[in-house]
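In what follows, a single structure is set out as structure tokens and then discussed.
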Amino acid sequence: MDDGFQVRLASGERFRVLPQESLLGAMERQGRHCIEVGCRGGGCGVCKIRVLEGEVHRGPTSAARVTPEEREQGYALACRTYPRSDLLIERTVDPVRRVAG
């Protein structure tokens with residue numbers, strides 16, 4: 001049985017993602033709050049992350065939220081990112097700045 005992949009944030013937080021599950025879906029299923037949550041549909045950009053290590057499949061997202069150049073640099077939206085290996089990621093949205101802005 002495949003128990004999925006381990007996701008580690010640069011901050012040190014960790015959670016597991018089941019096969020075929022998005023990063024954001026796994027985090028929410030486990031009651032975790034380590035990535036900001038927005039529309040859950042790839043359009044708002046609130047759950048933007050950067051994949052530092054590992055392999056992922058990226059589902060469709062708004063090109064306005066993750067440009068082709070950013071994709072090349074490892075940026076993705078957690079709601080549309082599906083691990084293919086263990087990952088090291090960092091979140092790119094500062095929750096304090098987001099709330100204040």
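See the values below:
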item	result
R14 versus T67: modelled label distance in nm, points set 7 Å from Cα along the beta carbon direction	3.6
Per-peptide average of other Cβ atoms within 10 Å, ordering 49-58, 16-25 highest first	16-25, 49-58
Cα gyration tensor category, rounded, prolate or oblate, for segment 1-60 with a/c compared to 1.5	rounded
Helical mean residue ellipticity (222 nm; -39500 (n - 2.57) per DSSP H run of 4+; nearest 500) of the chain	-4000 deg cm²/dmol
Inter-label distance, nm, simple model (7 Å from Cα along the C-beta direction), E55/C39	3.1
Net charge contributed by nearby residues that have their C-beta within less than 9 Å of I49 (K/R +1, D/E -1)	+2
Residue-wise HN-Hα coupling along segment 8-15, computed from phi with Karplus coefficients 6.51, -1.76, 1.60 (Hz; x: Gly, Pro)	10, 8, 4, 6, x, 5, 9, 7
Antiparallel DSSP beta bridges within segment 5-100, percent to nearest 5	80
Segment 5-100: C-alpha gyration tensor shape, a/c 1.5 cut-off, then a/b vs b/c	rounded
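Read-outs: derived from the displayed coordinates by stated rules, not from any lab. In this text, all values refer to a predicted model and were calculated from it rather than measured experimentally. Glycine also receives a Cβ, built like all others from the backbone with ideal geometry; neighbour counts cover every protein chain displayed.
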